[in-house]
Every structure is written in structure tokens, then in C-alpha cells.
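Presented below is the structure to which this report refers.
Each reported figure results from applying straightforward, stated rules to the coordinates on display, with no laboratory input. Keep in mind it's a predicted model, so treat the numbers as computed, not measured. Counting neighbours? That spans all protein chains shown, and the Cβs are built from the backbone with ideal geometry, glycine included.
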Amino acid sequence: MKKLLLCLQLWCLLIPFSSWAAEQSLPQPADLPVEITAQRLEAHQQQRQAIFSGEVVAKQGDMTLYCDKLVVYSLPEEDKVDRLEAFGQVRVVQLDRTATADRAIYRQQAGTLVLIGNAKVHQGQNQVAGEEITVFLNEERSQVKSGDDGRVRAIFFPKQGQQ
């Protein structure tokens, strides 16, 4: 039973990007600038969209997002970002945590990151995988849903010296 509890505690370490909310003295992600580079940018004023494509790299604080295409949606009548949708070879890196998926949706106001399709989160050798992983950034919790095989997968390696 202790090993199961240890594994569940380790899962908390696998929640990517939760350190954003952990340190109140540090700037929160919404306060930090976002730098996006890509091969192309297409803006649609009426739809309030900006579409970045071709080797997209988006950085905010200690988090970096890599993907083939990134669509940024703004809120109507406001200069705030509503959500980001990343497509193709999505990889999110923060410190020693890496998340990968076919697609990702980040909703800044709700504080959620949804990884869709072959979703995996790695921290060191530890890994959690499923068809969809939802990370609730403000709550430091996550939810993993299975795919067609009906199973999620988690691999945890105990730290050296722990029983």
C-alpha cells in the first residue's frame, strides 16, 4: 500500500507546468510575454485568429511549445488570448518535464491544458500515457483518459534509497 501511495505522489510530480502556480512570488504565466517564431504567420482580423505554421516554437517563462501549426484565438472585443490550439508533433517542455501529443488545447482563462492523441507526460524515467490528458494548472491535478484499448499506462521508477 505504501508503494501505491508513493506512486500516486510521484504522479503529482508528473503534472507538467504545475510549478507556475506553486511560487506566488514568481510572475504567473498570464503576466509573462509569449514569444512565437514560425515560418509563416496568417492573421484573420474578423475571426480574431493568428495562425502560425512551419516549425512553430512558442516560449513563455520556462515553458516551450513546439508544433507544426499553432492557432491563437483572441477574445471578442478584448486584447486577451482565449485559447491556443497546437497541431502536429506537439511537444511541451518545462524544466525536466516533457509532454507530447498529436494535438493540444491551452485555455488560459480556465487554466487547462488538454493533450489529445497519443498523449504522454515524462519526468525523468517516469511516464504517464493515454489517449487524452487534461492538466488543470490552477488546481495542480490532472486526468488521463484511455484510448480504444481502454487502458491508461503509467510507469514509475522509485528514487534511489527509498523503500
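For this structure, a couple of remarks:
- Modelled spin labels at GLN49 and ALA110, positioned 7 Å past Cα toward Cβ, are 1.8 nm from each other.
- Modelled spin labels at LEU41 and LYS59, positioned 7 Å past Cα toward Cβ, are 1.6 nm from each other.
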